[in-house]
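Accompanying notes for the structure given below.
The values are calculated or read from the model by the stated rules, or taken from the named source; none is laboratory data. The model shown is predicted, which means the values in this text are computed figures rather than measured ones. Cβ sites come from the backbone with ideal geometry, for glycine too, and all protein chains shown count toward neighbours.
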Amino acid sequence: MIGVVRARAVLGVAVAVVAAGVGAALSLPAKAAPLETIAKQAILVDMTTNTVLFEKNADERMAPSSMSKIMTGYMVFDALKTGRLSLDSTLPVSERAWRMQGSKMFVELHNNIKVDDLIKGMIVQSGNDACIVLAEGLAGSEPSFAELATKKAKELGLRNSNLVNSTGWPDPNHYMTARDLATLAERLIRDFPEYYHYYSIRDFKYHGINQGNRNPLLYRGINVDGMKTGHTEAGGYGLTASGEREGRRLILVVNGLPSMQARADESARLIEWGFREFSTYALFRAGETIEQVPVWLGAQDTVPVTVPQDMKVTLARADRPGMKVSLVSNAPVAAPIRKGDVVGKVVITAPGFPGKEVPVVAAQDVEKLGFIGRAFAAAKYLVFGS
């Protein structure tokens, strides 16, 4: 029988404890006031809670243009972390890299260039030549590098991406999606925090030529600290951007915009909207006792339950007053119980919010009663009904 056992407050929200079946976790996105964008593809994600705040054609294949260089960056940073490269390593410039068109770092033919400079050339100057030097240094050739990069993309969960070069140079078989780019950006930030600072460098001088970072949001004072622009005729103007404010990190991907100015203005508008209209609320800390759940035939009558990781939820600020938090379990839970066993779930609901479910686990072991104890408990149940 389903019934509320008790309630307590978390952040001013009543937490109801309910006996019921345990279901599967729900996915987000959160909801806010309707939003439109002129971008052909877009996605805005709160990285702190992996919550999609807004999306438009996010799974549509598109030409990622130079935003592809985030994947090249990931591969280079992985090589640095595993020791295959160092920032002081030097890589030779092939004629193919030297002749490469488009945005350039202006590498010198047959010169050996430090990896640190090549990374800056790839990120700040969007150098196609720098990307090819790095790709050839890692895999021997750019096609071989592209094969490795596509394989790594699949491992990272990029479900609809195929890379045939290191630069984003136009090719009908070179594509990604906005969602995949957002996932890639998140993984790069999480996996290589020691190298993310390269994306906030505003200018870099090489071979006597000083070039500014093409990410327009770095200059707008809105807490954006990365990542990469892109532009081709097929893809239009695009930007993958990330910024942090008050402990929240947002990732934005837009593509298919008609001009550089539209890219700058629309990207700023969307990321400001995400920071303004949404907030992240901390509900429970990992290891914190949420409640005591009744135990059947256990050496103790209840077991404390907790969440295995800090529990936060992102939702529209306007929906915060209507948020409800419930602890649902198959109480009483039969002993024996082992620490870490899933014994229920926390369910969060709010108006305009599709809901979120997080498993709760036993915070300690509970042994099963011996024969005499079980017999006594059974007799007690027959007499008193509980």
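Kindly evaluate ASP225 against the criterion of being surrounded by fewer than 17 Cβ atoms within 10 Å (Cβ to Cβ), outside the structural domain of GLU357 (by TED's automatic domain parsing) and either more than 30 Å from THR349 (Cα to Cα) or touching a helix residue (DSSP H, G or I) at 6+ places or on another chain (Cβ under 9 Å) (or both).
Working: surrounded by fewer than 17 Cβ atoms within 10 Å (Cβ to Cβ): no; outside the structural domain of GLU357 (by TED's automatic domain parsing): yes; either more than 30 Å from THR349 (Cα to Cα) or touching a helix residue (DSSP H, G or I) at 6+ places or on another chain (Cβ under 9 Å) (or both): yes.
For ASP225, the condition - surrounded by fewer than 17 Cβ atoms within 10 Å (Cβ to Cβ), outside the structural domain of GLU357 (by TED's automatic domain parsing) and either more than 30 Å from THR349 (Cα to Cα) or touching a helix residue (DSSP H, G or I) at 6+ places or on another chain (Cβ under 9 Å) (or both) - is not met.
Give the residues of segment 111-126 that are in contact with a Phe, Trp or Tyr (Cβ under 8 Å, 6 or more places away or on another chain) and of a type outside the set (D, E, K, R), sorted by residue number.
At the first step, the residues of segment 111-126 found to be in contact with a Phe, Trp or Tyr (Cβ under 8 Å, 6 or more places away or on another chain) are 117, 119-121, 123-125.
Hits for segment 111-126 are ILE119, GLY121, ILE123, VAL124, GLN125.
Which count do you get for residues in segment 180-215 that are under 17 Å from ARG249 (Cβ atoms) and within 16 Å of the chain's Cα centre (by Cα)?
Matching residues across segment 180-215 total 14.
Looking for whichever is polar (S, T, N, Q) and part of a loop (DSSP other than H, G, I, E, B) here; the options are GLN309, GLN292. Which one fits? Explain how you work it out, then say what you get.
Details: GLN292 fails: part of a loop (DSSP other than H, G, I, E, B).
Answer to the check: GLN309.
Conditions (1) more than 19 Å from ILE271 (Cα to Cα); (2) aromatic (Phe, Trp, Tyr); (3) in contact with a Pro (Cβ under 8 Å, 6 or more places away or on another chain), marked per residue:
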{"position": "THR183", "(1), (2), (3)": "no, no, no"}
{"position": "GLU186", "(1), (2), (3)": "no, no, no"}
{"position": "PHE192", "(1), (2), (3)": "yes, yes, no"}
{"position": "ARG220", "(1), (2), (3)": "no, no, no"}
{"position": "TYR237", "(1), (2), (3)": "no, yes, yes"}
{"position": "SER242", "(1), (2), (3)": "no, no, no"}
{"position": "GLU246", "(1), (2), (3)": "no, no, no"}
{"position": "ARG249", "(1), (2), (3)": "no, no, no"}
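Of the numbered conditions (1) within 24 Å of GLN41 (Cβ to Cβ); (2) touching a strand residue (DSSP E or B) at 6+ places or on another chain (Cβ under 7 Å); (3) touching a residue at least 24 places away in the same chain (Cβ under 8 Å), THR280 satisfies every one except a single condition; which is it?
Answer for THR280: the failing condition is (1).
Being modelled with pLDDT of 95 or more, crowded, with 23+ Cβ neighbours inside 10 Å and either within 16 Å of ALA79 (Cβ to Cβ) or of a type outside the set (Val, Ile, Thr) (or both) narrows it down to one residue among LEU156, LEU148, LEU188; which is it? Even if it seems obvious, please write down each step before you answer.
Numbers: LEU156 fails: crowded, with 23+ Cβ neighbours inside 10 Å; LEU148 fails: crowded, with 23+ Cβ neighbours inside 10 Å.
Selected residue: LEU188, the only one of LEU156, LEU148, LEU188 that is modelled with pLDDT of 95 or more, crowded, with 23+ Cβ neighbours inside 10 Å and either within 16 Å of ALA79 (Cβ to Cβ) or of a type outside the set (Val, Ile, Thr) (or both).
From VAL361, VAL328, VAL305, grab the single residue that is within 34 Å of the chain's Cα centre (by Cα), over 26 Å from GLY247 (Cβ atoms), buried (at least 17 other Cβ atoms within 10 Å of the Cβ) and at pLDDT 95 or above. Spell out how you get there, then give the answer.
Details: VAL361 fails: over 26 Å from GLY247 (Cβ atoms); VAL328 fails: at pLDDT 95 or above.
Of the residues listed, the single one that is within 34 Å of the chain's Cα centre (by Cα), over 26 Å from GLY247 (Cβ atoms), buried (at least 17 other Cβ atoms within 10 Å of the Cβ) and at pLDDT 95 or above is VAL305.
If only one of GLY298, GLY322, GLY274, GLY340 is at positive phi and either in contact (Cβ under 8 Å) with a residue 12 or more places away in the chain or of a type in the set (S, T, N, Q) (or both), which one is it? Please lay out each step first, then the result.
Numbers: GLY298 fails: at positive phi; GLY322 fails: at positive phi; GLY274 fails: at positive phi.
The conditions single out GLY340.
What single numbered condition from (1) over 30 Å from GLN309 (Cα atoms); (2) in the same structural domain as LYS324 (by TED's automatic domain parsing) fails to hold for PRO294?
Unmet for PRO294, out of (1) over 30 Å from GLN309 (Cα atoms); (2) in the same structural domain as LYS324 (by TED's automatic domain parsing): (1).
Which of the numbered conditions does TRP169 fail, given that it passes all the others? Conditions: (1) touching a helix residue (DSSP H, G or I) at 6+ places or on another chain (Cβ under 6 Å); (2) assigned to a loop (DSSP other than H, G, I, E, B); (3) of a type in the set (Phe, Trp, Tyr).
If we test TRP169 against (1) touching a helix residue (DSSP H, G or I) at 6+ places or on another chain (Cβ under 6 Å); (2) assigned to a loop (DSSP other than H, G, I, E, B); (3) of a type in the set (Phe, Trp, Tyr), just (1) comes out false.
What are the residues in segment 152-166 that are within 15 Å of THR183 (Cα to Cα) and not aliphatic (A, V, I, L, M), if any?
Of all residues in segment 152-166, those within 15 Å of THR183 (Cα to Cα) come to 152-162.
The answer is LYS152, LYS154, GLU155, GLY157, ARG159, ASN160, SER161, ASN162.
State all residues of segment 135-144 that are in a helix (DSSP H, G or I) and either among the polar types (S, T, N, Q) or in contact with a Phe, Trp or Tyr (Cβ under 8 Å, 6 or more places away or on another chain) (or both); if no residue qualifies, say none.
Initially, segment 135-144 is screened for residues in a helix (DSSP H, G or I), giving 135-139, 142-144.
Residues satisfying the conditions are ALA135, GLU136, LEU138, ALA139, SER144.
Looking only at segment 228-253, how many residues end up being in a strand (DSSP E or B) and either more than 20 Å from the chain's Cα centre (by Cα) or outside the structural domain of SER126 (by TED's automatic domain parsing) (or both)? Break it down stepwise before answering.
So the first thing to find is which residues in segment 228-253 are in a strand (DSSP E or B), and the list is 228-232, 236-245, 248-253.
Keeping just the survivors that are either more than 20 Å from the chain's Cα centre (by Cα) or outside the structural domain of SER126 (by TED's automatic domain parsing) (or both) gives 230-232, 236-237.
Number of matching residues: 5.
All but one of (1) over 18 Å from PHE192 (Cβ atoms); (2) surrounded by fewer than 19 Cβ atoms within 10 Å (Cβ to Cβ) hold for SER126; state the number of the condition that does not hold.
Of everything listed in (1) over 18 Å from PHE192 (Cβ atoms); (2) surrounded by fewer than 19 Cβ atoms within 10 Å (Cβ to Cβ), SER126 misses just condition (2).
Residue by residue through segment 172-224, note down the ones that are of a type in the set (Ser, Thr, Tyr) and not in a loop (DSSP other than H, G, I, E, B).
TYR175, THR183, TYR196, TYR198, TYR199, SER200, TYR206, TYR219
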